[in-house]
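So the structure is just underneath, and the comments pick up after that.
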Amino acid sequence: MSQDVPLTLNDIWTQIEQYYNLEKIFLAQEKLDELEKRLEEDLKSEDPAVVEAAKALSAALEERDARFLIKRVKEESKATREVIDLIQTNDGWNLCRSDEGIQTFYRQIPDSPTLSIKIMGVLDCPAFEVLACVNEIDLYKTWIPTVAESAILLPVSDYKRIVHLKMNPPSPISWVVSNREMVLYGYGVDAMEENKLLAIARSVVPSDVEKLREKFDDFGVPPETPDRVRMHCHLAGLLFEPMGPTKTRVAVMSNADPKMHLPYGIINMATKNVAHMMFVYLKNQAYNLKTAANGEYLKRINANGGLYDNIRQRLLNPDGVIAHVATSSSASLKVDVHASPVHEEGLKSSDDSSSSSSSALSHPLEQAVESLEIL
C-alpha cells in the first residue's frame, strides 16, 4: 500500500495561499498554525538539511508580501471568529425587541463612543437568494430606505471590496442625528466546514490605502464633506447558516462609533425600529428576489454566472471547493469544480428554464489559483 508523501514546509505555505484565495480563512489559519509549529520544530532538528530548509522558508516569510498575507490571515480569522462569538452569545446584550421571528439587541459600554447592534432571525428562503441580496451592494438603496447611496469604490476581487455607504436617518431620528457615511473594507468568508458563510466589514484605514495603491495606482478614499459625518466601523458582520433548501438563519452584527453621543432614547428607538425593519426589508427582498428591483437581480445572476455558480458550489458542495488544495509535494496548484458534480435548480430566467442546472456549474473557480490579492 502506498503512503502519502509528507507535506514539506513549502507545501503547507502553498495551502495557506490557496485557502486564503478560496476565502477559507479558518482553514488558512489552521495551516498557518501548523506551519509555525513545524518551523519551530525543524529549526531545532539535528538534520542539517531540515534546518537549512526551515531557515530558507523563514527568510522567505520575512518578505513583504508573505508578511502581509500572514497578517491578513491572522487578522481576518480573528475578526471572523469574534463576529461569530458575539452573535452566538447574548451575555452583555440588551434584548429590546422580539417579534416576527426577529430578535434585536444592542450593547453600549459605559463611557465608550461605540454602539453595538445585533439582529437575528430565520428567513423562509434559500441562502442563495439572501446572499445575492447582500452581494449586489449598489442596489441597497432600492430596498433599504435609510441608504441614500451605496457604491463599490474598488472591486479588489469577487469577494473583497471597498464600499462607500451614505445613510440618511429617518424621521424623527433625523431631527437630532445628521446624515452619516462609512467607507468599508468588506470580505467574504467561506466557513461551510462549520455550515457558515459570512460577510465581514470594517472601516478602511490608511495602511489599506497604502497597500491598495501598489496595485491600483489611482485609488483613494473620498474626502469627507460638510453635509455628512463619517462614522468609524470597528467590526461588522453578516452570518448565513443554511437550514435546508428553503430556510436560512441570518444574523447581523455591527460595532461602530457614530461620532456623537446618543441618548438612551435615541439608541432604543433606532434599535427597536430602524434596525428591526432593516432585517424585515432583507427578508422581503430575498423572498421576492426574482422580481425585486424590476428584475435586476435576476439579470445580474444570469449575466455574472461565474460568481454566482461559485456561490452555489460553496453552498451545495463545500468539499468540492477545496478538493484539490495541494496535499503533497507533487500536487499542483489547481482547483477543479468538476470533481464532485452537483445539481441545483437555482434562480434562472424563464428563457433559461429548460437548461440543465449542472451546466450552471461549468465555470472554474477563478479565484482559487490567482496570486495573492492585495486585500
Determine the gain in length on full extension of the stretch residue 74-residue 234; use 0.36 nm per residue of separation and subtract their C-alpha separation, reporting nm with one decimal. 56.0 nm
For 234, 164, the accessible-area ranking with a 1.4 Å probe, largest leading, is 234, 164
Using a Förster distance of 35 Å, the FRET efficiency for residue 218-residue 67 (Cβ separation, nearest 0.05): 0.85
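Keeping every protein chain present and rolling a 1.4 Å probe, give me the accessible area per residue for the range 131-282 in Å².
Accessible surface, normalised per residue, equals 43 Å².
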For a quick check of your reading of the filter: which trypsin sites (Lys or Arg not before Pro) in the range 23-74 sit in a DSSP loop and have no more than 16 other Cβ atoms within 10 Å? 44
Residue 243 neighbourhood, Cβ < 11 Å, K/R = +1, D/E = -1, net charge 0
Over all distinct Cα pairs, what is the inverse of the mean 1/r for the range 105-248, reported as the Kirkwood hydrodynamic radius in Å? 17.0 Å
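Stick to the Cα atoms of the range 1-67, pair each with every other, and give me the Kirkwood hydrodynamic radius in Å at one decimal.
12.7 Å
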Starting from 0 in steps of 5 Å, tell me what percent of the Cα-Cα pairs of the range 133-199 lands in each bin. 4, 15, 22, 19, 16, 12, 7, 4, 1, 0
Point-charge dipole on Cβ atoms (K/R +1, D/E -1) for the range 15-108, about Cα centre, debye to 20: 340 debye
Got a sec to turn the phi values of the range 153-168 into Karplus ³J(HN,Hα) couplings, 6.51 cos²θ - 1.76 cosθ + 1.60 with θ = phi - 60°, whole Hz, x for Gly and Pro? 6, 8, x, 4, 7, 4, 10, 9, 8, 9, 10, 10, 10, 10, 10, 10
Suppose accessible area is computed on protein heavy atoms with a 1.4 Å probe; arrange 104, 14 from highest to lowest. 14, 104
At a Förster distance of 41 Å, what's the computed FRET efficiency of residue 269 paired with residue 10, Cβ-Cβ distance as r, to 0.05? 0.15
The range 151-217 versus the range 1-57: alpha-carbon centroid distance in Å: 33 Å
Test of understanding: what is the full-extension gain from residue 85 to residue 60, defined as 0.36 nm times their sequence separation minus their Cα-Cα distance? 5.6 nm
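Residues with beta-carbon under 12 Å from that of residue 25, excluding residue 25: net charge, scoring Lys, Arg +1 and Asp, Glu -1?
That sum, taken over residues with Cβ under 12 Å, equals +1.
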Sulfur and carbon atoms: percent of accessible area, the range 44-187 [1.4 Å]: 54 percent
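The values are calculated or read from the model by the stated rules, or taken from the named source; none is laboratory data. Note that the coordinates shown come from a computational prediction; the quantities given were computed from them, not determined experimentally. Ideal geometry is used to build each Cβ from the backbone, glycine not excepted, and the neighbour counts take in all protein chains shown. Please note that ligands, DNA and RNA were not included when accessible areas were found on the heavy atoms of the full protein model with its side chains. Shrake-Rupley method; radii C 1.70, N 1.55, O 1.52, S 1.80 Å.
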